[in-house]
Amino acid sequence: MKILIPPHDYGSVVNELEGKHPASSHIDRFITQSTKVITAEGTIIAVYLPDRIASELRTMAYKVFQSVPRERIDNRPAAVGAATLPRIRKDGKLSNRSAIPNRVLKVLDRGGVRQATLRSSQHHEELEKTAELFKRLIHLYKKYIPDAYATQRATSKERPDRIPHTPFTAVYLNYNLRSAYHRDKGNLPNTLSVITVVGGDYAGGELCFPRYRIVFALRPGDALVFPGQELLHGNLPFSGNRLSVICYCERLSDE
């Protein structure tokens, strides 16, 4: 595995990109081979593992996840790249909560964008059918970042919402959404996310990290482990259909 230490850290200037879509001008290095990216101090930025998920696992997961009921993507404005407006309550008054405007949601609907979040309490059957996929992702996490894996497993072990036999509490399904730059603010601090693409016929969609000006190819069967709560990330444009799966540990409600 290649070790990459980015020569520059643009952490002080990338915040202005949040909510905007990635562009090729934000990138200096395109990563396509097995690579561990770390800072000069040894902190893990990401571990990229191309072609590590067998086709039969992807095919099964794609079939199962396609049947999961869609949720409206009205609560992820940064990822969508849209401003929010106050919700309108049933009595016609404005709510204190905000959401993505309906006109934006209609555009996403026409583009076939879908999302769903799987949790053990609600999606036991789907998670059980795809257990071998998660077992494979966990094996890769444990093998290549053992210390972080052990810490996350210990942290999640006592959580009643933990997905059995995993260090995760939720699985996010993203179908056809090109993410704008965002941080996964609902994630538990000091934990890592694992993302893979299980299916679709598409071109583009690479995952960008502007702080270090790097991008990962992220094709079907690839896996990427990274701190989604800390690092701004988003996708380059893509054409076609694409289903990505992100495993993570949710922030506790009182944090």
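The values are calculated or read from the model by the stated rules, or taken from the named source; none is laboratory data. Treat the numbers as computed from the prediction; the structure is a model and nothing was measured. Don't worry about glycine lacking a Cβ; one is built from the backbone with ideal geometry, like all the others, and counts go over all protein chains shown. Ligands, DNA and RNA are excluded from the accessible area calculation, which covers all protein heavy atoms including side chains. Shrake-Rupley method; radii C 1.70, N 1.55, O 1.52, S 1.80 Å.
Calculate what fraction, in whole %, of the accessible area of the stretch 123-210 sits on carbon and sulfur atoms when a 1.4 Å probe is rolled over the protein chains. Could the numbers behind the result be given before it?
Numbers: 1860 of 3690 Å².
Taking all protein chains in place, the stretch 123-210 shows 50 percent carbon and sulfur surface.
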Checklist entry - Between Glu41 and His165, what length in nm is gained on full extension when 0.36 nm per residue of separation is reduced by their alpha carbon distance? => result 41.5 nm
Checklist outcome for this item: So, with points 7 Å from each Cα along the Cβ direction, the Ser67-Ser121 label distance in nm works out to 2.5
Item to check | Extension reserve of the Asp201-Arg29 stretch, reckoned as 0.36 nm per residue once the Cα distance is removed | outcome: 59.5 nm
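Using alpha carbon coordinates only, what is the Rg to Rh ratio of the stretch 186-255, with Rh defined as the Kirkwood radius?
Working: Rg = 13.1 Å, Rh = 13.0 Å.
Expressed as Rg/Rh, it is 1.01.
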